[in-house]
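Have a look at the structure below, then the notes.
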Ligand SMILES: *[C@@H]1O[C@H](CO)[C@@H](O)[C@H](O)[C@H]1NC(C)=O
Ligand SMILES: *[C@@H]1O[C@H](CO)[C@@H](O)[C@H](O)[C@H]1NC(C)=O
Ligand SMILES: *[C@@H]1O[C@H](CO)[C@@H](O)[C@H](O)[C@H]1NC(C)=O
């Protein structure tokens, strides 16, 4: 009896685990290939959602996720609690707006986005660019306001990179580590039940 219960409990937990993993994977923002935003990708073929994720992670212990949005939504700026020098950089903002537009969602103005920032960084990213990515030139323009036509004309080159060698092999998505956490949690649970 106990065995039967624990086996169906395990099945239920495993189904939940798969479900959570599935939902989480769908939630992460990425460009729709048919949105015509190929120009916004960097030399490592990373879309602006990916590059923005790398930059956001710098101020958040290496963990950052940009949720996917649809055509009725937009990314609002940080609150006074979540504002930090990464999110208050127009470089991050430009990447985030390109990430919104390439999902066919709406954008918000820099002025409105940055209203809760205690310090704003226009055209610069105040921290080191993390290894594994390269920031396109179009995200570093001194007119902070994002405009796709202006950005496309400005182009990708020269990119901003960190001091360390850029490689295209690293894929730092927090979904990976969150799935790993779920796996560890499941293993612990299996230990407890056996
Ligand atoms: C990408 O855009 C096309 C054309 O607007 C649309 O048909 C398709 O469903 C979109 N794909 C995703 C994954 O949103
Ligand atoms: C967009 O997403 C929101 C929140 O998930 C949802 O409530 C809304 O129905 C979605 N709109 C469309 C057009 O898919
Ligand atoms: C600024 O922060 C307040 C709460 O602290 C929030 O209600 C508002 O939406 C924020 N503004 C933006 C642009 O996110």
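The values are calculated or read from the model by the stated rules, or taken from the named source; none is laboratory data. These figures come from a predicted structure and were not determined experimentally. All Cβ positions, even for glycine, are placed from backbone atoms using ideal geometry, and neighbour counts span all protein chains on display.
Taking the condition more than 18 Å from the chain's Cα centre (by Cα), modelled with pLDDT of 95 or more and surrounded by 14 or more Cβ atoms within 10 Å (Cβ to Cβ), does residue 148 pass? When the stated conditions are applied, residue 148 passes them. Filtering segment 119-144 to residues that are over 23 Å from residue 62 (Cβ atoms) and surrounded by fewer than 20 Cβ atoms within 10 Å (Cβ to Cβ) leaves 120, 122, 123, 137, 141, 142, 143, 144.
Restricting attention to segment 64-71, does a residue exist that is under 14 Å from the mean Cα position of the chain (by Cα), under 18 Å from residue 149 (Cβ atoms) and within 16 Å of ligand 1 (Cβ to nearest atom)?
no
To keep it simple, each residue is scored yes or no on (1) away from ligand 3 (no atom under 15 Å from the Cβ); (2) over 28 Å from residue 38 (Cβ atoms); (3) in contact with a helix residue (DSSP H, G or I) (Cβ under 9 Å, 6 or more places away or on another chain).
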residue: 53; (1), (2), (3): yes, no, yes
residue: 62; (1), (2), (3): yes, yes, yes
residue: 79; (1), (2), (3): no, yes, no
residue: 82; (1), (2), (3): no, yes, no
residue: 96; (1), (2), (3): no, no, yes
residue: 104; (1), (2), (3): yes, no, yes
residue: 120; (1), (2), (3): no, yes, yes
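Taken over segment 86-98, residues that are free of Cβ contacts under 8 Å to residues at least 40 places away in the same chain and in contact with a strand residue (DSSP E or B) (Cβ under 7 Å, 6 or more places away or on another chain) amount to 2. Exactly one residue among 83, 103 is within 16 Å of ligand 1 (Cβ to nearest atom), touching a residue at least 12 places away in the same chain (Cβ under 8 Å) and buried (at least 17 other Cβ atoms within 10 Å of the Cβ), and that residue is 103.
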